[in-house]
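Colleague: Pasting a structure here, questions to come.
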Amino acid sequence: MTELATTDQAVAAEIAAEQAHVDKVYAELGKAAARVELVHAEGMARGQTDRRGTGDPREEEMAGLFERDALVYSASKRRASLEHQHEGLVFGRLDLEHEVPDEQGATREVRYVGRLGVRDDDYEPLVVDWRAPAAAPFYRATPVDPQGVLRRRVLRCQGVQVVGVEDDLMVAEPPEDVVVVGDGALLAALTRSRGARMRDIVATIQHHQDEAIRAPARGVTEITGGPGTGKTVVALHRAAYLLYSDRRRFEGGGVLVVGPSAAYTAYIERVLPSLGEDSVVLRSLGDVLGGITATRLDPPAVAATKGSLRVRRLLARLVREPIPDAPLQLRTFVAGHAIRLDAPDLDRARAQVLRHHHRNAGYDAAVEALAQLAWAQVEHGERDDFLDRFRDSGDVEAFMRHWWRPLDPREMLLWLADEGLVRRLGGLDAGAAAGLAASYQEALRLGTWTVADVALVDDLAARLGPVVDLPSEERGFYEIEELDDASQYGVSALRVGADGGTEATGAPGRGQRVSADPRERLLAGRVGESEEYAHVLVDEAQDLSPMQWRMLGRRGRWASWTVVGDLAQASWDDLAEARQAREEAFGSAPRRAFHMDTNYRNAREIFDLAARLITEHVPDADIPQAVRETGHEPRDVTVWAEETPARVAEEVAELRALVSGAVAVIAPWSWHERLAPVVAGEQVVLVDPLSTKGLEYDATVVVDPDAVVREAPGGVRALYVVLTRAAHRMTVLRPEATGVPAAL
Ligand SMILES: Nc1ncnc2c1ncn2[C@@H]1O[C@H](COP(=O)(O)OP(=O)(O)OP(=O)(O)O)[C@@H](O)[C@H]1O
């Protein structure tokens, strides 16, 4: 018999032994699903018994059984989704040697580790949840510090089938019955194709990653490291760990995960469900605030204006502005006296109210301020009687409905389409003011918001207070009369909504229909209130603008934080200002930092090219060690500009033949129209540089690196991001007309 055959046989025997255990686990889950119905019914009956207070001696026993089966039942429900992803429920095994024998006198123990914990009828663990303390040695044991582990084994499963095992030995001289097979699980995991979605790494979490995952919840946990070092995946496992370790606090209080783009949230969305957690809220920066969803990006200069704290001063002044189409004068008769309040009076009243009230909460105070000003004109007769009559006046109420109507923060932001107003508000230089106004003219043309707008809407929402409809019973004869005559105040677009409430100018009803009118689309639905969370996890944190930090700060006032980033990949330029806003968001909470220094994504050959580029421009960049070599250098080719689309098609075809999994063509926007027709097919995507943040592919074709540097925010750092997306193969195409960047 050949040595190989012997090895094959040995592997087959090991797989068969593991299969027997895995079968037992699934059988237990199957039994539980049937049994739980029964136990549930008994549990209900027990609840009734409890209420009668009979003190049935079997109750405690029943409770234990019920809780166990309820757990196993929820596990069995998750089984379907786990199988669907072809990821095994059981993925690890530890063979331990204890110094102290157990009750039966045994020193050896076999412990299985899985995505969730399962026990048998005797309450003996068949599988330990990967987050339980008993599973920690699976991630922490090393040959230097084996923690009682003889052998760590990773089981590779497809659904219920064990298809392979990979062992790591922790002791130099294992007992004879401890067979060792495979080349190590990590390398096997890194070599396989990536696909379009991120997978969990629960079977191969490394020691230093485990430390970050299991770090205490309190305060701020920062995870830094270069590209591909597992920051994102570690942070997601940490979220799963926190939910496990203190479910009441984190499931009840909520965990918010924020990433840069919708593509990013789609990319990571499977990781937590595959770990059995589906209560986490995933949001991109463009949809943190309910009622507004943005994917469009501003040109870099405008994004810089909108993201900077300078814009706060402008917004603070904006909320004090009169409504552009509001009446400029109140003329009426109260108690037989002619009252006339002109623009300066109205301005004074508004300023006075806003000193003490959010604008949307200031209606009553505003009536009061006007009443006082009106009384100052009269000063004759019974004061209290006059004030009462003023408050009850139909004319005043009709006036108020235009002059102090509830304001939607999105509507207010659109006022900035008026460049004159932006300049008057001050705080920006002429170029920035023009850029800001132009961006809202563009929004009104397209009917879509930009990602940077969301933080501004959130800021205005906090300043304005929630939009509260005026109570419908207050709408009466006078309002209808005044609505007929609204033109006297220059009010053109006020109207009564389908639900009877008076709506903001141009806003559609609550039906959320998609309107053909861009302005209506911008104002569709309602802006949600800021929700608070118990834990906020921020990925690609280096890219957040100060205004975005403030937006997240409002959601994490009482939260603990996990913050993930790499400064060398930043596209936000004013890092000092961002750091200040970030510190304000965290407050005085204690900090703890973890640094990741191994690149698990890129083949060394690919990462070397990217590292050369970034160290030339950012000498102190955080450069990790790539662990894997493929022997294939990235291709770096100069092509004629007009031939580029055809060359892209060829390169894609070649890469698809070489790798299985996802291929991306990463090109600046200026190329997309020309490339779209040639980039087609399953598992091939055309993406712009910014949208690749946080993502990875099996292979990439990078088009026109010079244009990436020129056009993308962050310049050379954006190119560094682009060059570190490929796991296995990469081709760089440089259209001739653009020249060659010296750094590559
Ligand atoms: N212990 C591990 N076992 C298997 N795969 C791993 C491990 N750690 C990281 N990886 C893989 O390495 C790749 C990169 O991880 P991830 O995207 O989390 O890195 P990152 O540091 O967030 O990268 P970037 O900053 O470039 O966005 C992913 O495919 C991830 O699954």
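The values are calculated or read from the model by the stated rules, or taken from the named source; none is laboratory data. The model shown is predicted, which means the values in this text are computed figures rather than measured ones. Cβ atoms come from the backbone with ideal geometry, glycine included; neighbour counts cover every protein chain shown. To get the accessible areas, we keep the full protein, side chains included, count just its heavy atoms, and leave off ligands, DNA and RNA. Shrake-Rupley method; radii C 1.70, N 1.55, O 1.52, S 1.80 Å.
Colleague: Would you mind telling me the share, in percent, of accessible area of segment 602-738 contributed by carbon and sulfur at probe 1.4 angstrom?
Modeller: 50
Colleague: Could I ask something else about it? Using only protein heavy atoms and a 1.4 Å probe, report how much of Trp375 is accessible, in Å² to the nearest 10.
Modeller: Roughly 30 Å² of Trp375 is accessible to a 1.4 Å probe.
Colleague: Further question: Output ³J(HN,Hα) for segment 572-578: one whole-Hz value per residue in order, computed from phi by the Karplus curve 6.51 cos²θ - 1.76 cosθ + 1.60 with θ = phi - 60°, and x for Gly and Pro.
Modeller: Result, ordered by residue: 9, 7, 8, 5, 5, 5, 5 Hz.
Colleague: On a 1.4 Å probe surface of the protein chains, which of Arg423, Arg111, Arg359 comes out largest in accessible area, and what is the full order?
Modeller: Arg423, Arg111, Arg359
Colleague: Put Glu321, Glu643 in order of accessible area, largest first, 1.4 Å probe: what do you get?
Modeller: Glu643, Glu321
Colleague: Sticking with this structure for a sec: Keeping all protein chains in the complex and leaving out DNA, RNA and ligands, what accessible area do you get for Ser588 with a 1.4 Å probe, in Å² to the nearest 10?
Modeller: Ser588 exposes around 120 Å² with every protein chain in place.
Colleague: What number comes out for the charge environment of Ala262, summing +1 per Lys or Arg and -1 per Asp or Glu over other residues with Cβ under 12 Å away?
Modeller: That works out to +1.
Colleague: Counting only protein chains, not ligands or nucleic acids, how are Asp573, Asp385 ordered by accessible area (probe 1.4 Å), most first?
Modeller: Order by accessible area, largest first: Asp573, Asp385.
Colleague: Additional query: So, with a 1.4 angstrom probe, what is the percent of accessible area on segment 308-424 that is carbon and sulfur?
Modeller: That fraction is 46 percent.
Colleague: How about Lys306: which aspartates and glutamates have a C-alpha closer than 12 Å to its C-alpha, ignoring those fewer than 8 places off in the same chain?
Modeller: Asp298, Asp453, Asp459
Colleague: Shifting gears a bit: Whole-Hz ³J(HN,Hα) for each residue in segment 288-296, computed from phi via Karplus 6.51 cos²θ - 1.76 cosθ + 1.60 with θ = phi - 60°, x for glycine and proline: what do you get?
Modeller: Running phi through 6.51 cos²θ - 1.76 cosθ + 1.60 with θ = phi - 60° gives 5, 9, x, x, 8, 10, 10, 10, 6 Hz.
Colleague: Efficiency by 1/(1 + (r/R0)^6): what FRET value for Ala338 and Ala301, r their Cβ-Cβ distance, R0 = 41 Å, to the nearest 0.05?
Modeller: FRET efficiency, Ala338 to Ala301: 0.20.
Colleague: Any chance you could look up the accessible area of Thr295 with a 1.4 Å probe, heavy atoms only, rounded to 10 Å²?
Modeller: 110
Colleague: What are the residues whose amide H is under 5 Å from the amide H of Arg108, where those residues sit 5 or more places off or on another chain and H is modelled from the backbone?
Modeller: Under 5 Å from the amide H of Arg108: His98.
Colleague: How high is the FRET efficiency between Asp384 and His672 when r is their beta carbon distance and R₀ equals 60 Å, given to the nearest 0.05?
Modeller: According to the calculation, E is roughly 0.30.
Colleague: Can you give the net charge of the other residues whose Cβ lies under 13 Å from the Cβ of Ala589, counting K and R as +1 and D and E as -1?
Modeller: Net local charge, Ala589 excluded: +2.
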